[in-house]
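Shown next, in structure tokens, is the structure this report addresses.
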Amino acid sequence: MCKGKVGALKLLKVILLFCVMILSISSNVSAASKNRYYYEKQGTAIWEVPVKEKVVAITFDDGPNDLYTPQVLDLLKKYNAKATFFLIGERVTRYPEVALREIEEGHEVANHTFSHARLQYLSDEQIRNQLERTHEAIINATHVEPVLFRPPFGYYSERSINAVHELGYLTVMWSWHQDTFDWSNPGVYKIVSNVLKDTRKGDIVLFHDHGGDRTQTIDALKQILPALQKQGYQFVTVSQLLELKAGVKLPKF
Ligand code: ZN
């Protein structure tokens, strides 16, 4: 009788262990499935926006910068290119006139936190605070309400994407094959060839207009913009790219 009880307990333990294993496997599966494709399907984040039209969205992070951003803007104007600037709120309060010029010249301004914060170390409340302060700074400088957000260092999690989404923002990453690593000053040739070797319709290209000497970024743009234009590409903002996907016809630039 006693032996039977021990046997039954053992069996119960084995069953419990089995249940825990199944649970942990299934939770791993659900965590693994919450990758890029999960969020793209959910509509809370994008990495690129494949479209039929020959367009790309070039984006600049970490500005405004009083020295390099005006040079970028001059180049964009020369090639009739529109771009998206993911701005740091604290820098917008310092250089509101540069952010305003971005809007006046037809570009899109977007949110990149107030102090280039690492979201993984912030509470939901602190994430909201970072975005709201930047939102306010951008509106004060440009009178335009931003709707796009890019997390510093490309960090995202389900928690951060949801916190951002709850504020009405879409998280915008960049095409995996279009990370120029320009922030590390890899050389103009590397930046140029990275973009040109595999340009696809609807790509989102990552550049930086702040964070050290950005001369290589500027010099690379001097080659990338005319080269892609020659191939028939137009340069649109991320919101214009999303409109194209939704079937809205863009005005001719
Ligand atoms: Zn950044």
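Please treat every number below as a calculation from the coordinates, not as lab data. Keep in mind the model is a prediction, meaning the values are calculated, not measured. Quick reminder, even Gly has a Cβ in these numbers, built from the backbone with ideal geometry, and neighbours come from all protein chains shown.
How far is helix 215-230 tilted, in degrees, relative to the longest principal axis of the Cα atoms in the chain, given as a value from 0 to 90 rounded to the nearest 10?
80
Ignoring the sites themselves, what is the longest stretch of the chain with no trypsin sites (Lys or Arg not before Pro) in a DSSP loop and at most 14 other beta-carbon atoms within 10 Å?
So the longest stretch without any such site is 119-196.
If you take the square roots of the eigenvalues of the alpha-carbon gyration tensor of region 43-96 and sort them as a ≥ b ≥ c, do you get rounded (a/c under 1.5), prolate (a/b over b/c) or oblate?
Working: a/c = 3.95, a/b = 1.38, b/c = 2.86.
Oblate shape, in that a/c is at least 1.5 and b/c is the bigger or equal ratio.
What does the charge dipole of the chain about its Cα centre add up to, to the nearest 20 debye, if the Cβ of each Lys and Arg holds +1 and the Cβ of each Asp and Glu holds -1? Could you put the intermediate results ahead of the total?
Numbers: 30 positive and 28 negative charges, 294 e Å.
Dipole about the Cα centre, nearest 20: 1420 debye.
With an 8 Å cut-off on Cα pairs and a minimum separation of 6 or more residues, tell me the relative contact order of region 106-253 in percent.
19
Expressed as a whole number of Å, what is the distance separating the alpha-carbon centroids of region 61-81 and region 181-253?
If you average the Cα positions of each part, the centres end up 12 Å apart.
Rg and Dmax in Å for region 125-218, alpha carbons only: what are they?
15.5, 42
Which one of Thr93, Leu67, Leu221 is farthest out on the positive end of the charge dipole of region 36-245, using unit charges on Cβ (Lys, Arg +1; Asp, Glu -1) and the Cα centre as origin?
Leu221
From the cross-link list Lys77/Lys201; Lys41/Lys78; Lys201/Lys222, which pairs have alpha carbons spaced over 32 Å apart?
As for pairs spanning more than 32 Å Cα to Cα, those are Lys41/Lys78.
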